[in-house]
Amino acid sequence: MRSFQRIAVYCGSSSSVSASYLAAADHVGRSLAKRGIGVVYGGGKVGMMGKVADGALAEGGDVVGVITEKLLSREVGHDRLSTRYVVSSMHSRKTMMAQLAEGFIALPGGWGTLEEIFEVTTWSQLNYHLKPVGLLNIDGYYDKLVEFIAHASAEGFIRPGHRELMQVDTTLEGLLEKMAAVEIPDFHSWRA
């Protein structure tokens, strides 16, 4: 079983979402901090991103934000973080977040969240890192995506051994347990 010093959290930056999503983001931040797990995230102060950071900070947690110069110039950067890195590009941002974390969790979000969680899952599949990935399926948000992943696997596009690269649970506690136990397949054992 692995342990986590820091987990990267990907989630939406919109505040125009269900209050249950915002409350869940706050819960995730607080719960990770209470477990002594630092949060690595996109550095924003708005939407679910801001709620995750504020929740963790309220519990005395370590919160590391990685934000681009462009987003910081639009005044969406959180200014009360434990550490904030300002980088030049989204590629640099994603790379740094991946380097700083021992695992990755996606809360509900849009294009950016989906892109980020799929990218780190692909990196895991190819053994660019051996870090677990999880979807926190709040209020069934990811139900259709989980169905699609099963479909992609049934069609042969995701190998059976790779379906478990992305763990799914409806609770943070359950998701962390699954992520701590998952075995990342060795790249050399499946490539043809």
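Every number in this text was worked out from the coordinates using simple rules, so none of it is lab data. Keep in mind it's a predicted model, so treat the numbers as computed, not measured.
Values for this structure:
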read-out: Nearest-ten-degree value, helix 111-125 long axis tilted from longest Cα axis of the chain; value: 50
read-out: Gaussian network model of the chain, springs between alpha carbon atoms under 10 Å - residue of Gly77, Gly42, Gly112 with greatest fluctuation; value: Gly112
read-out: Rounded to 10°, Cα long-axis angle of helix 143-154 versus longest principal axis of the chain; value: 30
read-out: Partner lysines for Lys94 [C-alpha distance under 24 Å; skip if fewer than 8 residues away on the same chain]; value: Lys45, Lys51, Lys70, Lys131, Lys178
read-out: Under-5 Å amide H pairs with Gly103, H placed in peptide plane, nonlocal only; value: Ala8
read-out: Helix-only [θ]222 nm of the chain, DSSP H runs n ≥ 4, -39500 (n - 2.57) each, per residue, nearest 500; value: -13000 deg cm²/dmol
read-out: In degrees, nearest ten, helix 19-34 long axis to first principal axis of the chain (Cα); value: 90
read-out: Choice from Leu72, Leu175, Leu130 with maximal GNM fluctuation in the chain (Cα, 10 Å cutoff); value: Leu72
read-out: Cα principal axis extents for segment 1-114, largest first, Å; value: 36, 31, 26
